[in-house]
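Participant: Let me begin by handing over the structure; questions about it come next.
Nothing in this text is a laboratory measurement; each read-out follows from the coordinates by a stated rule. Bear in mind that the values here come from a model prediction, so they are computed numbers and not experimental data. No Cβ is skipped: glycine too gets one built from the backbone with ideal geometry, and neighbour counts run over all protein chains shown.
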Amino acid sequence: MKFSFVILHYNALPDTIECIDSIKKCVGPDCGIVVVDNKSPNGTGVELDAKYRDDNQVTVILNPENEGFARGNNVGFRYAKEHQDPDFIVMLNNDTLILQDDFTARVEKEYEQSHFAVLGPIIKTPHKPYSSNPGPSKLPSENWYKKYVCKVSFKLLLNRIFGLDATYEWLLSKLLGKKDKKFDESLLERRAENVLLHGSFLIFSRDYISKFDGLNDRTFLYHEERLLFLRLLQNGMKSVFTPDIEIFHKEDAATKTVSAKSRLKRRFQYKHYINSAKVMLDVMRNGEITGIPPHILRRP
């Protein structure tokens with residue numbers, strides 16, 4: 001079966017090159033690699049284009065502007081679909097690495113068993129627990145999202161008035177005694193169906209590719225995985241988490257090049273948190289999830 005890999009590049013040149021090298025090492029020459037530069041301000045997209053211009057396996061696309069996560073990835077997804085006609089499209093962050101030489105065989109084996117639409121692996125990170133996958137089997141309700149929009153809007157207001165940044169949020173969480181939820185590491189040992197999958201590494205089968213041209217493109221950043229999960233539920237399509245496939249994620253290499261703790265950059269994040277949550281609300285209110293059992297929409 002034929003594989004295409006779509007990598008969204010932004011600024012972090014060494015990570016993108018290492019990601020491409022891991023694909024070539026573990027998958028070999030019989031796959032297509034599409035790199036989409038999302039208008040990197042440091043000019044590294046042009047460097048990638050020059051580096052791989054004579055490489056028949058790698059296609060570099062230079063976006064004329066920053067399209068955000070979903071739309072940027074969709075440029076590569078559509079190119080792979082139209083020009084490479086793959087059985088599987090792997091959409092992976094540029095700071096991820098494939099770890100297994102038999103990666104494609106493991107994907108094909110899972111597809112033969114489940115006919116998944118989207119598949120997610122164990123996502124190893126520099127620090128445990130590896131809690132990215134699997135996600136919950138239920139999504140927050142419309143009411144939860146309304147409260148979420150209000151809460152983040154209040155943070156945005158504080159940011160504008162007092163110039164508060166990410167450090168303030170960290171201090172506030174310490175003062176309030178908030179603790180991160182503990183991840184049940186036993187979940188990593190169990191294959192799971194119809195669960196939320198992390199957006200850093202998604203494997204789409206032809207079942208999905210034949211119907212869609214990528215992710216929901218109404219967001220710039222954030223909530224892409226939840227919108228994807230809603231789409232799968234709506235269309236009766238299957239998401240699968242498998243512990244048989246492992247990848248490594250350096251964690252937000254591209255984001256860290258722009259998302260420091262400054263108040264202006266934090267303001268940018270708040271705005272997109274709010275906008276993406278409103279897209280989720282709009283999807284819910286417009287009946288795009290008709291027919292899904294009510295318990296699916298409870299807060300996990």
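Participant: Please report the net charge: other residues with Cβ closer than 10 Å to the Cβ of Asp37, K and R +1, D and E -1.
Facilitator: Details: positive: Lys39; negative: Glu47, Asp49.
Within the 10 Å Cβ shell, the charges total -1.
Participant: Let me ask another. Beta carbons within 10 angstrom, averaged per residue: use that to sort the peptides 201-207, 113-119, highest first.
Facilitator: 201-207, 113-119
Participant: Rounded to the nearest 20 debye, what is the charge dipole size of segment 156-208 about its Cα centre when +1 sits on each Lys and Arg Cβ and -1 on each Asp and Glu Cβ?
Facilitator: Details: 9 positive and 8 negative charges, 35 e Å.
That gives segment 156-208 a dipole magnitude of about 160 debye.
Participant: Grab the other residues whose beta carbon is less than 12 angstrom from that of Phe88, score K and R as +1, D and E as -1, and report the net. Kindly include the intermediate steps, with their values, before the conclusion.
Facilitator: Details: positive: Lys2, Lys81, Arg106, Arg206; negative: Asp85, Asp87, Glu108, Glu110, Asp207.
So the surrounding residues net to -1.
Participant: Based only on Cα atoms, what mean projected area does the convex hull of the chain have, in nm²? Each step should come with its number before you reach the end.
Facilitator: Values: hull surface 63.0 nm².
With every direction weighted equally, the projected area is 15.7 nm².
Participant: How far, in nm, would the chain grow between Lys181 and Asp101 when pulled straight, counting 0.36 nm per residue and subtracting the alpha carbon separation?
Facilitator: Numbers: separation 80, 0.36 × 80 = 28.80 nm, distance 3.38 nm.
Gain in length upon complete extension: 25.4 nm.
Participant: Calculate, in nm to one decimal, what Asp244 and Thr167 gain on full extension: separation in residues at 0.36 nm each, minus their alpha carbon distance. Let's see the in-between values first.
Facilitator: Numbers: separation 77, 0.36 × 77 = 27.72 nm, distance 3.82 nm.
Answer, rounded to one decimal: 23.9 nm.
Participant: Please report how far the C-alpha centroid of segment 132-180 lies from that of segment 186-248, rounded to the nearest whole angstrom.
Facilitator: Each part reduced to its Cα centre gives a spacing of 24 Å.
Participant: For Gln57 and Ser141 in one chain, what is 0.36 nm times their gap in residues minus the Cα-Cα distance, to one decimal in nm?
Facilitator: Stretched fully, the Gln57-Ser141 segment lengthens by 25.9 nm.
Participant: Which one, Ala80, His249, Phe183, is farthest towards the positive end of the dipole of the chain when Lys and Arg carry +1 and Asp and Glu -1 on their Cβ?
Facilitator: Of the candidates, Phe183 comes out farthest on the positive side.
Participant: Size of the dipole of the chain about the Cα centre, Lys and Arg at +1 and Asp and Glu at -1 on the beta carbon, nothing else charged, in debye to 20? Present the calculation step by step, with values, prior to reporting the outcome.
Facilitator: On the way: 44 positive and 39 negative charges, 417 e Å.
Roughly 2000 debye, rounded to the nearest 20.
Participant: Taking 51 Å as R0, compute the FRET efficiency from the Cβ-Cβ separation of Asp49 and Asn194 and round it to 0.05.
Facilitator: Working: r = 40 Å, r/R0 = 0.78.
The calculated FRET efficiency here is 0.80.
Participant: OK, next. Name the shape class, rounded, prolate or oblate, that the alpha-carbon gyration tensor gives for segment 33-168, where a ≥ b ≥ c are the square roots of its eigenvalues, rounded holds for a/c under 1.5, and otherwise prolate holds if a/b is larger than b/c and oblate otherwise.
Facilitator: On the way: a/c = 2.06, a/b = 1.30, b/c = 1.58.
Oblate, because a/c is 1.5 or more while a/b does not exceed b/c.
Participant: At 222 nm, what helix-only mean residue ellipticity would the chain give, in deg cm²/dmol to the nearest 500, using -39500 (n - 2.57) for each DSSP H run of four or more? The partial results should precede the final answer.
Facilitator: Values: 10 runs with 124 residues, N = 300.
Helix contribution divided over all residues of the chain: -13000 deg cm²/dmol.
Participant: Antiparallel versus total DSSP beta bridges in the chain: what percent is that, nearest 5?
Facilitator: Percentage antiparallel, nearest 5: 35.
Participant: Another question, then. Place +1 on the Cβ of every Lys and Arg and -1 on the Cβ of every Asp and Glu in segment 5-119, take the dipole about the Cα centre, and give the residue among Ile33, Ile20, Gly43 whose Cα lies farthest towards its positive end.
Facilitator: Checking the options against the dipole of segment 5-119, the answer is Gly43.
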